[in-house]
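Visitor: Attaching a single structure in structure tokens format; questions to follow.
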Amino acid sequence: MEDMNQSTKYAIETRGLNIFYGDFQAVKDISLQFERNRITAIIGPSGCGKSTVLRAFNRMNDFVPSAHATGEVLYHDQNIYDPSVDAVQLRRLIGMVFQKPNPFPKSIYDNVAWGAKMNGFRGNTDDLVEETLRQAALWDEVKDNLKKSALALSGGQQQRLCIARALAVRPEIILMDEPCSALDPIATLKIEDLMRELSQNYTIIIVTHNMQQAARASDYTSFFTMDTDRSGIMVEYNETSLIFTKPKDQRTEDYITGRFG
Amino acid sequence: MPRNTLNRQLNMVQDEILLLGSMVEQATLAAVGTLKSRNLREAKLVFEQDQIINEKRFAIENAILILMATQQPMARDLRTLAALLEVNTELERIGDYAKGIAKVTLRMGGAEVNLPMMEIDQMAELAVGMLHRALSAFIEENANVALAIPKEDDLIDALFNTAYSKILHEMVANPATIDSVNLALWVIHNLERMADRVSNICERTVFIATGELFEMDGMDEEDLNV
Amino acid sequence: MKATDNFSFSLDQGIQSPEKGFHNRRHQRARLAQAAFRLTTLLAVIFLATLLITVLNKSMGYVVLENKVDPFSLSDRPISDLNNTELAQILRENLRKNRVRTLERAGFLEDQPRSTLVQLVNTEIIQPEVVESYNLFPSLINRSKIMADAAVSYPTARVEFRFWLNGAFLTNSMASQPELAGVRSALLGSLQLILITILTAFPIGVGAAIYLEEYASHKSRINRLIQTNIDNLAGVPSIVYGILGLALFVRALHPLTSGALFGVEGQNGRTILSAGLTMALLILPLLIINAQEAIRSVPISLRQASFGLGATRWQTVWHHVLPGAMPGILTGTILAISRAIGETAPLIVVGASTFITSDPAGPFSSFTALPIQIYNWTTRPQPAFQHIAAAAILVLLISLLSLNAVAILLRNRFTKRV
């Protein structure tokens, strides 16, 4: 009973995860648990492998020919690097929002509906589009011109559309790779509010190099840095409120007070 | 090492706090001095100069808020600024105690009163000394020194008890001067509270260094009144 | 800090450069470069204009026509005003019996269309012949001298201004007389050839490009070898493709390309199909390289977005990569077709006929093509052939531009579909 609680408490968990690009070890021995229906931020300096770890969760690293991983990433008690796991199906369940808003050059409607159709959605597409756009807090802004090109939207709207698009395939976890780095501050705050809303139903893992954003938006924060051989390592993982007021590790302290390096 | 702007402005605020601290020390010693000399003009001066202390306190508070808003400090920086804000308030309160003592001198006027001046003098010396060292430790973020200072409060408490009973005896012995002697209770009470406030400053020093918040001296006002 | 101190300019000197000489040299060089680029553009325009002017110059001008038989010796009225009976009468009187019998095999002369009869009278009895022809510029400048010369040299002839590119030129087939020759069969041959080329090369080229870009591992030795070969093939001379086509399609695949497999009898392998496939081979490397470029230019972020939603690779390619790359692919196709439509050498090797009077009847017929026809006419000594060659070049250019216009329209549709 204890064990079962333990395994269902976390949305995703890594155990001794190492990722290599060819001979270079990008991240070293990462063991992390991500709480269900919480927002976890991964922060750290450039090149510390935080995006690499994020992309390991939906096996986007598969597209980098030289990349390979050892260790375990447990999702529903299964190692996603197990040969029996279908990466395509995994990516439906673990959605992703990218650094630069990247809507398809299609209409707003098609952007939301496409992923669902590709995954065999058979219900009422109109309802699905409306529901997910509402979830992404975009419906009121676009409901009158759903046929308009998604590229005509502002950057912030595009990013929320990308979130809606990810939601439309009914994922359990949403990975966000610096989702606000191309957005203005107001659009950024809207996305952060949206993340808070979404965290009621979804587990969100966000990589950001904006510490204020991690502080504002996340429940848990994990700090990564580089080892002496430039591999990424996980230094500290704790509740966000603790990381940003009294971090335990001096390296975390140096980084978040802006005295890194 | 980046963040030079934050460091420089932080240092400036710390300097201002030290300045405020020495103003408060001066005011306390001067106030106790007027009680002894009964120099009403001097006492009036001390009473009025509290206004300057108050203004300085608002200026420092403003500077800290601007720093927080513009530099968005984190972790130790954030704790330092929060502590500075707290210490700033504490110093202003200590300033108020000095003002209170000057007010007692003014109230007593020329009345012939027998006061436990020796204890009062000692209490003032001790409290000012503690304040001085507490502020140094605070600026240096020296938790070890800060942890030791509140223990000296026991001495002040002892002096307080002595002075308290002396004043009560005086009240019983000379009921004619009871109005004026009663005022002396204020004085020793203020000095005793001053030491408590110094303890608070020391708590902030430990907070900056370790991130931990706790009450250092178990004794407070309520215990005394029982 | 040190590095910035070494710069000789500083802000308080404003926009005045401290070193006058350096400043001037810099701008001088910039102006020189601009002038050079302008000159090269001008040269290109001059070359193109010269080409066009030469062709246009030859394609129209005065001709001196002499009739073998004076039309007014046949009838009092102009030939075009006569009715069927009168025309048939003239034909019977002036043609040999055998010829009349041949003509009447389809029915009595009187019952045939009047336009046919008029044409028969013109070509078989009157037989106007171009005895002298002039280019456009001499025609415009020396009009009176041409008229005078013609009156002296050919007293019975008449002088008229002729556009060699006219309706009859487009609808007539090949003939041994330049006045009667046309490009009809060559034009149809070229169009069918290009159709076969596109239908073969486009799917194969795009398919290969998709495989190489989206599926093949760039680290694999074989794939790199293939890639290098494709890049090199693009530079192989077209005649080599002709030889390849001759060996492969005309000879080795003879049963297929002659249509014997499909029940077409009596053809050798020198058919439109062989030529079209050879052309397809020729433009395939161009198409592949271009399509690869177009596919590569589709942003990675789109692919990532698609994969991130749980799409398969094929769904990603079909729904995002191909539509995104299509404008670029079509641009490459336009270029490739432009090359194919003008190619002569491989067609000669594969065996295009230079003298064909019938229209190509399908992929298994022998054929001729516009460039072949032009090549053939320019080698003839009679000056009139030079004029119809010029007219045929205009036809080639116009059909090329029309094909391109269609492709550009298609591309714009794809681009606007967003």
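Visitor: Once Rh is set to the Kirkwood radius over Cα pairs, what Stokes-Einstein translational diffusion coefficient, in µm²/s, holds for segment B:4-225 at a temperature of 20 °C and a viscosity of 1.002 mPa s?
Guide: For the chosen part, D equals 118 µm²/s.
Visitor: Also, quick follow-up: Please report, in Å, the Rg and the Dmax of segment A:114-261, where both are computed over Cα atoms only.
Guide: Radius of gyration, then largest Cα-Cα span, for segment A:114-261: 18.1, 55 Å.
Visitor: Tell me, what HN-Hα J-couplings in whole Hz come from the Karplus equation 6.51 cos²θ - 1.76 cosθ + 1.60 at θ = phi - 60° for each residue of segment C:129-141, using x for Gly and Pro?
Guide: Coupling constants for segment C:129-141: 10, 7, 9, 8, 9, 10, 7, 5, 5, x, 4, 6, 7 Hz.
Visitor: Distance from the Cα centre of segment C:196-227 to that of segment C:107-174, in angstrom?
Guide: 54
Visitor: How would chain C be classified by its alpha-carbon gyration tensor: rounded, prolate or oblate, with rounded meaning a/c under 1.5 and the a/b versus b/c comparison settling the rest?
Guide: Oblate.
Visitor: Once you list every other residue whose beta carbon is under 15 Å from the beta carbon of residue A:127, what net charge do they have if Lys and Arg are +1 and Asp and Glu are -1?
Guide: Result for the neighbourhood of residue A:127: +2.
Visitor: Separate question: Between residue B:151 and residue B:112, how high is the FRET efficiency from 1/(1 + (r/R0)^6) when r is the Cβ-Cβ distance and R₀ = 35 Å? Nearest 0.05.
Guide: After rounding, the FRET efficiency stands at 0.35.
Visitor: Which far-off residues, 5 or more places away or on another chain, put their amide H under 5 Å from the one on residue A:27, with H placed in the peptide plane?
Guide: So residue A:27 has HN proximity to A:19, A:232.
Visitor: Could you give each residue of segment B:44-55 its phi-based ³J(HN,Hα) in whole Hz, using Karplus coefficients 6.51, -1.76, 1.60 with θ = phi - 60°, and x for Gly or Pro?
Guide: Once θ is set to phi - 60°, the couplings for segment B:44-55 become 4, 4, 4, 4, 6, 5, 4, 4, 5, 4, 4, 4 Hz.
Visitor: List, in order, the whole-Hz ³J(HN,Hα) value for each residue of segment C:297-313 obtained from phi through the Karplus relation with A = 6.51, B = -1.76, C = 1.60 and θ = phi - 60°; use x for Gly and Pro.
Guide: With the stated coefficients, segment C:297-313 comes to 7, 6, x, 4, 4, 5, 4, 4, 4, 5, 4, x, 8, x, 8, 7, 5 Hz.
Visitor: Still on this structure, I have one more. With the cut-off at 22 Å, tell me which of the pairs A:100/A:148; A:106/C:219; B:36/B:99 have Cα atoms farther apart than that.
Guide: Flagged as over cut-off: A:106/C:219.
Visitor: Just how many % of Cα pairs in the protein assembly as shown lie over 43 Å apart, if you round to the nearest whole percent?
Guide: I get 64 percent for the Cα pairs in the protein assembly as shown exceeding 43 Å.
Visitor: In addition: Using a 7 Å offset from the Cα along the Cα-to-Cβ direction at both residue C:339 and residue A:134, what is the distance between the two label points in nm, to one decimal?
Guide: 5.7
Visitor: For residue C:221 and residue A:66, what does the FRET efficiency come to when R0 = 25 Å and r is the distance between their Cβ atoms, rounded to the nearest 0.05?
Guide: Calculated transfer efficiency: 0.95.
Visitor: Can you give me the long-range amide H partners of residue C:132? Hydrogens built in the peptide plane at 1.01 Å from N, cutoff under 5 Å, separation of 5 or more residues or another chain.
Guide: C:64
Visitor: While we're looking at this one, here's another question. For chain B, take the longest principal axis of its alpha carbons; what is the angle in degrees between that and the long axis of helix B:75-108, to the nearest 10 within 0 to 90?
Guide: 20
Visitor: Compute the FRET efficiency between residue C:119 and residue C:38 as 1/(1 + (r/R0)^6), taking r as their Cβ-Cβ distance and R0 = 41 Å, and round to the nearest 0.05.
Guide: Approximately 0.15, to the nearest 0.05.
Visitor: Still on this model: Over all distinct Cα pairs, what is the inverse of the mean 1/r for chain A, reported as the Kirkwood hydrodynamic radius in Å?
Guide: Every distinct Cα pair counted, the radius reaches 19.0 Å.
Visitor: Going by C-beta contacts inside 10 Å, put C:68, A:100 in order with the fewest on the left.
Guide: C:68, A:100
Visitor: 5 Å is the cut-off here: which amide hydrogens, built 1.01 Å from N in the peptide plane, fall below it relative to residue A:224, excluding neighbours closer than 5 in sequence?
Guide: The list, which skips near neighbours in sequence, is A:43, A:44, A:235.
Visitor: Let me ask something else about it. On a C-alpha basis, how far is the centre of segment A:197-261 from the centre of segment B:142-211 in Å? Whole number, if you could?
Guide: Between the Cα centres of segment A:197-261 and segment B:142-211 lies a distance of 45 Å.
Visitor: Moving on. Calculate the spin-label point distance for residue C:83 paired with residue A:210, positioning each point 7 Å from the Cα along the beta-carbon direction, and give it in nanometres.
Guide: 9.4
Visitor: Here is a further query. By a straight-distance test (C-alpha under 21 Å), which lysines pair with residue C:145 as possible cross-link partners, with residues fewer than eight away in the same chain excluded?
Guide: Partners within reach: C:58.
Visitor: Using only the alpha-carbon atoms, what does segment A:11-105 span along each of its principal axes? Please give whole angstrom values in decreasing order.
Guide: 38, 30, 26
Visitor: To continue, here is another question. Where does each of B:18, C:286 land when they are ranked from fewest to most other beta-carbon atoms within 10 angstrom?
Guide: Going from least to most buried by this count: B:18, C:286.
Every number in this text was worked out from the coordinates using simple rules, so none of it is lab data. As the structure is a computational prediction, the values presented were derived from the model and not from experiment. As a convention, Cβ positions derive from the backbone with ideal geometry for all residues, glycine included, and neighbour counts pool all protein chains shown.
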